[in-house]
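Any read-out appearing in this document is the output of simple, stated calculations on the displayed coordinates, not a laboratory observation. Keep in mind that this is a model prediction, so the values were computed, not measured. When we count neighbours, we look across all protein chains shown, and the Cβ atoms used for this are built from the backbone with ideal geometry, even at glycine.
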Amino acid sequence: MSTVSIQHLSQRIQQMEESATIRMAQMARDLAAQGHDVISLSLGEPDFDTPAHIKEAAKKALDEGYTKYTPVPGLVELRKAIQTKFKRDNGMDFGLNQIVVSNGAKQSIANICLALLDEGDEVVILAPYWVSYSEIVKLAGGVPVLVSADIEQDYKATAEQVAAAITPRTRMLLFSSPCNPTGSVYLKEELHAIAQVVAAHEGIYIVSDEIYEYINFTGNHASIGAFDEVKDRTITVNGFSKGFAMTGWRLGYIGAPEWIADACSKVQGQFTSGATSFGQKAAAHALLSDMSPTYEMQAAFRQRRDMVIELLSQIPGMKVNKPQGAFYIFPDISSYFGKSAADKVINNADDFCEYLLHSAHVAVVTGSAFGADNCYRISYAASEKELREAIRRIAEAVNKLQ
Ligand code: PMP
Ligand code: GLU
């Protein structure tokens, strides 16, 4: 019997980066398994459990026999609940045929990119951007075109910057608000200006990732798809992972023009079929029942945000802004570049994060994974005690840099 194995990975996969958020979370787990006291602020995942009434709804659905395949775009009951939610919270009208439920918003975004992009199509991505956007776009044959905003502009791109990035090959604009990794929230008027830029060009579609909708401290969430100019060319992405603390349930959805929704169902029908049946029943319940647990989580995140800003601001050289949503803070650490501690020189954000992991046992994610080389991301979806201790360790590590 031959023991020779022929290893051949596709170009597509060879060119794909591993998810830095997931890699860092695994490195933290590995270090903890070796007996180190690691605090992981790497993964963007609520530390709360799914609210009890949602879990109860899933158990009931199991008992009622919701254990079979569902229609590919989702149970009618869930799509109706999503339809109601879009109208209630976002002022958007979608027919049931315009809604597709998937195994997480991540899959929703992959469906969209596979449905719309041809080889060489350009996708304008507002940076800092969520780690998976660029890799999903590339996998679908698209070319990411980054429009960058730094901390001085609160990490928010302007309509003028978007206009300057558009070329005859532009097919899509992709961004999140509230934003992962910065926590920035685009205001209604900022979104309107961007909508007008896109509306002036034929054939460009907007993918608006609103998965952090319910973790917004401004009191106002604005959806770009609600503007008349772009309502026929916006795909609104959302999901249950963040607002309902349901990361492990794997449930996301889109509201889109019908022909795009149809194409997404077609892709999904070949890849994974419908999302988990009893999870969908519980998700419908989540959208239509008491949302006070969601708002309690939001209030807790806001408190932690304020604490984290206060503590980080006391560290010399650490530049922070005031994020208005999600559960991330994205400090600029370029003032440390060129400094060193013992034999470790910090030349960039990757070096800084590696230094924090090994010398302070705090896991965070490098800004380079999000298209921002001067920064790093802290997920403050952790207990106040862990956050205080992590920032104490970060301060200690930074103070050693010379
Ligand atoms: N978009 C953003 C901005 C995210 O942070 C996440 C979190 N993983 C996702 C999409 C994907 O979420 P889901 O768990 O629904 O796949
Ligand atoms: N969205 C989260 C994050 O950015 C979860 C991990 C992931 O899916 O990348 O950390």
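Find the centroid of the Cα atoms in region 230-279 and in region 84-130, then give the distance between the two in whole Å.
Rounded to whole Å, the Cα centres lie 7 Å apart.
Loop only by DSSP, 11 or fewer other Cβ within 10 Å of the Cβ. Give me the GluC sites (Glu not before Pro) in region 192-225 that pass, ordered by residue number.
Taking region 192-225 and a limit of 11 other Cβ atoms within 10 Å, the loop GluC sites (Glu not before Pro) found are 202.
Using a simple spin-label model with points 7 Å from Cα along the Cα→Cβ vector, what separation in nm is obtained for residue 386 and residue 119?
4.5
Return a whole-number percent for the relative contact order of region 76-185, with Cα pairs under 8 Å and 6 or more residues apart as the contact set. Please report the intermediate quantities before stating the final value.
On the way: 143 pairs, mean separation 26.5, N = 110.
After rounding, I find 24 percent.
Using Cβ counts within 10 Å as a stand-in for footprinting exposure, how do 276, 234 rank, fewest first?
Numbers: 276 19, 234 25.
In increasing order of surrounding Cβ atoms, one gets 276, 234.
Given R₀ = 41 Å, FRET efficiency for residue 68-residue 232 by Cβ-Cβ distance, to 0.05? Please list the in-between numbers first.
Values: r = 35 Å, r/R0 = 0.85.
It comes out at approximately 0.75.
With contacts defined as alpha carbon pairs under 8 Å and 6 or more residues apart, what's the relative contact order of the chain in percent? Mind showing how you got there, number by number?
On the way: 787 pairs, mean separation 90.4, N = 402.
Across the chain, relative contact order equals 22 percent.
Please give the calculated 222 nm ellipticity per residue for the chain, where each DSSP H segment of at least 4 residues contributes -39500 (n - 2.57) and the sum is spread over every residue; nearest 500 deg cm²/dmol?
Details: 13 runs with 155 residues, N = 402.
Result for the chain: -12000 deg cm²/dmol, rounded to the nearest 500.
Taking neighbour counts of Cβ atoms within 10 Å as a proxy for exposure, in what order, fewest first, do 185, 100, 147, 124 appear? Provide the component values of the computation, followed by the final result.
Values: 185 24, 100 30, 147 20, 124 27.
Ranking 185, 100, 147, 124 by Cβ neighbours within 10 Å, fewest first, gives 147, 185, 124, 100.
Work out the length of the dipole vector of region 136-194 about its Cα centre, built from +1 on the beta-carbon of each Lys and Arg and -1 on the beta-carbon of each Asp and Glu, and round it to the nearest 20 debye. Please report the intermediate quantities before stating the final value.
Values: 5 positive and 6 negative charges, 86 e Å.
Roughly 420 debye for region 136-194.
Which residue, chosen from 311, 324, 264, occupies the Cα position most advanced towards the positive end of the dipole of region 258-402, where the dipole is computed from +1 (Lys, Arg) and -1 (Asp, Glu) charges on Cβ about the Cα centre?
311
Taking Cα pairs under 8 Å and at least six residues apart, what relative contact order does region 316-392 come out at, in percent?
27
Kindly provide the GluC sites (Glu not before Pro) of region 16-93 that DSSP labels as loop, not H, G, I, E or B, and whose Cβ sees at most 13 other Cβ atoms within 10 Å.
Details: sites: 17, 18, 56, 64, 77; in loops: 17, 18, 64.
The qualifying sites are 17, 18, 64.
Quick one: grab the alpha carbon gyration tensor of region 185-328, order the square roots of its eigenvalues as a ≥ b ≥ c, and give me rounded if a/c is under 1.5, else prolate or oblate depending on whether a/b is larger than b/c. Spell out each step's value before the answer.
On the way: a/c = 2.21, a/b = 1.27, b/c = 1.74.
Oblate, since a/c reaches 1.5 and b/c is not below a/b.
Among all helices in the chain defined by DSSP H, which have a length of 30 Å or more along the axis from Cα atoms plus a Kyte-Doolittle mean of at least -1.0? Walk me through the numbers on the way to the answer.
Details: long enough: 292-313 (31 Å, -0.44).
Those that clear 30 Å and a mean of -1.0 are 292-313.
Which of the trypsin sites (Lys or Arg not before Pro) across region 118-175 are loop residues per DSSP, with 14 or fewer other Cβ within 10 Å? Walk me through the numbers on the way to the answer.
On the way: sites: 138, 156, 169, 171; in loops: 156, 169.
Answer by residue number: 169.
Please order 167, 247 by the number of other Cβ within 10 Å, starting at the fewest. All intermediate terms of the calculation are to be shown ahead of the outcome.
Details: 167 10, 247 17.
Lowest to highest Cβ neighbour count: 167, 247.
Give me the dipole magnitude in Debye, nearest 20, for the chain about the Cα centre, with unit charges on the beta carbon: positive for Lys and Arg, negative for Asp and Glu.
Details: 37 positive and 47 negative charges, 149 e Å.
Magnitude of the dipole: close to 720 debye.
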